[in-house]
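Here's the structure, in structure tokens; my notes come after.
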């Protein structure tokens, strides 16, 4: 009875030590798995963050590019607009055709997300308008009002792309001289 002590056999102690070794290996492997999983999650978060940043930068570059393209069209559209008024009295049909083309340009700019700024009769707003000239007006209600628009301004949402260049009225009290 040398192999048995208190009812425990050699094979039982071997099985117990094997179980302990396996349990230790399982614990070690679980720890390594948690470490690898945490590193994977961290890399995955970094990749997602980089992807978001690249998308944001790409959208910003696209807005800048679109703004440059649209800005290049401002002056030709304004020149077209200015050329219409002198032609109206001479060739009304030609002026109507030019007005149609001008309107198509404005519609295309609007489709790009731009809004026109500066219309006759608006109150002068220095954050939207650039006063290039002022003219005296006898009517107090016309004081600080846009009398004529030299060039239309544009904004994209809240951001002003180009202020409207306008002529504004300045009220002057009539003198008592007759």
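Residues checked against (1) at pLDDT 90 or above; (2) closer than 26 Å to residue 142 by Cα; (3) outside any loop (DSSP other than H, G, I, E, B):
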position	(1), (2), (3)
82	no, yes, yes
93	yes, no, yes
96	yes, no, yes
108	no, no, yes
115	no, yes, yes
121	yes, yes, no
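Using beta carbons and a limit of 8 Å, which pairs, at least six apart or on different chains, have the first residue in the range 124-144 and at pLDDT 90 or above and the second one loosely packed, with under 14 Cβ neighbours inside 10 Å? Pairs that qualify, where the first residue is at pLDDT 90 or above and the partner is loosely packed, with under 14 Cβ neighbours inside 10 Å, are 136/172; 137/172; 144/123.
Does residue 148 satisfy the criteria of being over 29 Å from the mean Cα position of the chain (by Cα) and exposed (fewer than 15 other Cβ atoms within 10 Å of the Cβ)? In short, yes.
Taken over the range 154-173, the criterion of being within 18 Å of the chain's Cα centre (by Cα) and free of Cβ contacts under 8 Å to residues at least 60 places away in the same chain is satisfied by 155, 157, 158, 159, 160. When residue 167 is tested against the conditions (1) within 30 Å of residue 63 (Cα to Cα); (2) at pLDDT 90 or above, the lone failure is (1). Only one of the listed residues (58, 127, 83) is farther than 19 Å from residue 148 by Cα and either out of contact with any strand residue (DSSP E or B) (no Cβ under 9 Å at 6 or more places or on another chain) or surrounded by fewer than 11 Cβ atoms within 10 Å (Cβ to Cβ) (or both). That residue is 58.
Looking at the range 132-156, which of its residues are outside any loop (DSSP other than H, G, I, E, B) and either farther than 19 Å from residue 81 by Cα or not assigned by TED's automatic domain parsing to the domain that holds residue 171 (or both)? Correct list: 133, 134, 135, 136, 137, 140, 141, 142, 145, 156.
The values are calculated or read from the model by the stated rules, or taken from the named source; none is laboratory data. Nothing here was measured: the structure is a model prediction, and the numbers come from that model. Glycine gets a Cβ as well: all are built from the backbone with ideal geometry, and neighbour counts include every protein chain shown.
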